[in-house]
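K.L.:
Structure provided below as structure tokens; questions to follow.
The values are calculated or read from the model by the stated rules, or taken from the named source; none is laboratory data. Given the structure is predicted, the values throughout are model-derived calculations rather than measurements. Every residue, glycine as well, gets a Cβ built from its backbone with ideal geometry; the counts of neighbours run over all protein chains shown. For the accessible areas, the whole protein counts, side chains as well, though only heavy atoms, and no ligand, DNA or RNA atoms are used. Shrake-Rupley method; radii C 1.70, N 1.55, O 1.52, S 1.80 Å.
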Amino acid sequence: QVQLVESGGGLVQAGGSLRLSCAASGSIFSINAMGWYRQTPGKQRELVATLTGRGSTNYADSVKGRFTISRDNAKNTVYLQMNSLKPEDTAVYYCNALLKTEPLRPLNDYWGQGTQVTVSS
């Protein structure tokens with residue numbers, strides 16, 4: 001089994017900062033990519049940022065220049081530094097990992113339980 005455990009969510013005023021962390025553990029052979037998604041009630045889950053093992057990043061247009069994704073490969077941990085937060089960033093943030101549990105098994109998606117981020121105006 002693979003577990004993704006998120007931390008760092010909370011309540012912050014507009015213009016403030018938060019740092020999310022997500023640690024992957026369990027039966028992991030290799031991680032292809034890790035990332036963050038978010039979801040608000042009644043809406044689909046949307047991509048926030050992803051980071052591949054080769055260091056390629058992808059950000060949603062709405063967070064470019066404000067959020068930074070990084071990764072500690074040795075710890076199988078991904079971070080999301082969120083600056084200049086806006087009320088519209090309020091959502092449940094989910095960690096995602098695309099990984100293999102064994103060399104010959106296909107890549108599979110794994111998700112964390114989600115962490116609430118609330119930005120007050």
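K.L.:
Keeping all protein chains in position, work out how much accessible area C22 exposes to a 1.4 Å probe, and write it in Å² to the nearest 10.
P.N.:
Per-residue accessible area (C22): approximately 0 Å².
K.L.:
Provide the solvent-accessible area of K43, counting protein heavy atoms only and rolling a 1.4 Å probe, rounded to the nearest 10 Å².
P.N.:
Estimated to the nearest 10 Å², K43 gives 140 Å².
K.L.:
Roughly speaking, what is the stretch gain from D72 to S27, that is 0.36 nm per residue apart minus the C-alpha to C-alpha distance, in nm to one decimal?
P.N.:
14.4 nm
K.L.:
With the contact rule set at Cα under 8 Å and sequence spacing of 6 or more, what percent relative contact order holds for the chain?
P.N.:
In percent, rounded to a whole number, it is 36.
K.L.:
Now for a different question. Kindly write out, for segment 50-64 in residue order, the coupling ³J(HN,Hα) from the Karplus curve 6.51 cos²θ - 1.76 cosθ + 1.60 (θ = phi - 60°), rounded to whole Hz, with x marking Gly and Pro.
P.N.:
9, 9, 7, x, 8, x, 6, 10, 9, 10, 5, 4, 5, 10, 4
K.L.:
Given the pairs K64/K86; K43/K100; K43/K75, which are separated by over 21 angstrom at their Cα positions?
P.N.:
Table pairs above 21 Å Cα-Cα are K43/K100; K43/K75.
K.L.:
Then there is this: Based on the Cβ-Cβ distance of N108 and A14, what FRET efficiency does E = 1/(1 + (r/R0)^6) give at R0 = 30 Å, to the nearest 0.05?
P.N.:
Between N108 and A14 the formula returns 0.20.
K.L.:
At 0.36 nm per residue, and after removing the present C-alpha to C-alpha distance, how many nm does the segment from K64 to E46 gain when stretched out fully?
P.N.:
So the extension gain works out to 5.0 nm.
K.L.:
Taking the solvent-accessible surface of protein heavy atoms with a 1.4 Å probe, what is the per residue accessible area of the chain in Å²?
P.N.:
Using a 1.4 Å probe on heavy atoms only, each residue of the chain averages 54 Å².
K.L.:
Once neighbouring chains are kept in place and the probe is 1.4 Å, which whole percent of the accessible area of segment 1-82 is contributed by carbon and sulfur?
P.N.:
45
K.L.:
How much length is gained on full extension from K100 to N83, taking 0.36 nm per residue of separation minus their Cα-Cα distance?
P.N.:
This chain segment gains 2.9 nm when fully extended.
K.L.:
So for segment 21-74, considering every pair of alpha-carbon atoms, how many percent are separated by more than 13 Å?
P.N.:
64
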